[in-house]
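Single-structure report; data block below.
The values are calculated or read from the model by the stated rules, or taken from the named source; none is laboratory data. None of the values given here were measured: they were computed from a predicted structure. A quick note on method: Cβ atoms are made from the backbone with ideal geometry, for glycine too, and the neighbour counts reach across all protein chains shown. For the accessible areas, the whole protein counts, side chains as well, though only heavy atoms, and no ligand, DNA or RNA atoms are used. Shrake-Rupley method; radii C 1.70, N 1.55, O 1.52, S 1.80 Å.
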Amino acid sequence: MRINRGVAAAELSDAQLLAAHVAGDPRAFAELLSRHQDHLWQTARRTSYTVQDAEDALQEALLSAHRTAANFREDAAVRSWLHKIVVNACLDRIRRNRARPTVPLLDDDGPDPADTRDAMAERETALTVEEALAILPPDQRAAIVAVDLEGYSVAEAAGLLGVPEGTVKSRCSRARNKLAQHLKYLQHERNGIAAQGV
């Protein structure tokens with residue numbers, strides 16, 4: 001299948017684009033990635049410990065998806081298939097890095113934006129949460145990213161990660177407990193008072 005000039009690529013489903021790619025259409029895979037680029041980057045970023053690892057893992061995942069597209073089973077959604085490839089590439093990179101641990105440098109996003117105080121506080125909170133995710137073991141991190149950050153159901157996450165649903169639940173539970181302890185200081189004083197019933 002090739003994308004016809006008369007049929008806009010935007011009108012084709014993800015599965016049709018993947019089939020067109022397998023059939024040799026040079027534009028189909030690029031169109032498919034443009035649809036899911038933001039989601040795949042966020043998945044890689046949240047699953048990896050550093051921006052550099054996320055970039056490298058995402059590149060490896062996309063190359064793998066490009067090469068193995070013919071193996072796609074149509075009983076799954078293309079987005080879920082791509083998500084699984086990205087998560088697996090991130091976990092593979094984490095395993096490889098264990099032999100040579102490094103300390104990530106702070107990410108320099110360029111000059112500080114002239115944002116309001118609230119935007120700054122949101123960015124600080126996001127960085128704090130990213131740092132907290134980094135304390136989790138890779139299996140717990142992948143589970144909590146899939147369920148709590150990406151919004152997959154436990155059943156969908158189990159399929160993506162290739163583990164039983166009970167394993168996803170227990171990994172998420174352990175991860176939430178660790179994150180709650182690590183981020184406890186972010187709790188507003190009034191929330192603490194309300195929680196104590198005062």
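Tell me which residues, restricted to the stretch 166-187, are in contact (Cβ under 8 Å) with a residue 40 or more places away in the chain and open to solvent by less than 40 Å² (accessible area, probe 1.4 Å).
Of the residues in the stretch 166-187, the ones in contact (Cβ under 8 Å) with a residue 40 or more places away in the chain are 178-179, 182-183, 186.
If the condition is that a residue be in contact (Cβ under 8 Å) with a residue 40 or more places away in the chain and open to solvent by less than 40 Å² (accessible area, probe 1.4 Å), then L179, L183 are the ones that fit.
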- Would you confirm whether any residue within the stretch 56-65 is open to solvent by less than 70 Å² (accessible area, probe 1.4 Å) and over 23 Å from A158 (Cα atoms)? yes
- Message: I need the full set of residues from the stretch 135-149 which are within 14 Å of the chain's Cα centre (by Cα) and open to solvent by 40 Å² or more (accessible area, probe 1.4 Å), in order please.
- Response: D139, D148, L149
- Consider only pairs whose beta carbons are under 6 Å apart and that are at least six residues apart or on different chains; among these, list those whose first residue lies in the stretch 139-165 and is among the hydroxyl-bearing types (S, T, Y) and whose second residue is open to solvent by 10 Å² or more (accessible area, probe 1.4 Å) and in a loop (DSSP other than H, G, I, E, B). none
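Output the residues belonging to the stretch 15-35 that are crowded, with 18+ Cβ neighbours inside 10 Å and in contact with a helix residue (DSSP H, G or I) (Cβ under 6 Å, 6 or more places away or on another chain). Can you show your working first?
Of the residues in the stretch 15-35, the ones crowded, with 18+ Cβ neighbours inside 10 Å are 17-21, 25, 28-29, 31-32.
Listed by number, the residues that qualify are L17, L18, A20, H21, A28, F29, E31, L32.
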- For the stretch 36-50, name all the residues that are crowded, with 16+ Cβ neighbours inside 10 Å and either part of a helix (DSSP H, G or I) or more than 17 Å from the chain's Cα centre (by Cα) (or both). H36, L40, T43, A44, R45, R46, T47
- Message: I want to confirm something. Restricting to the stretch 150-168 and keeping residues that are among the small types (G, A, S) and at pLDDT 85 or above, which single residue is farthest from the chain's Cα centre (by Cα)?
- Response: G166
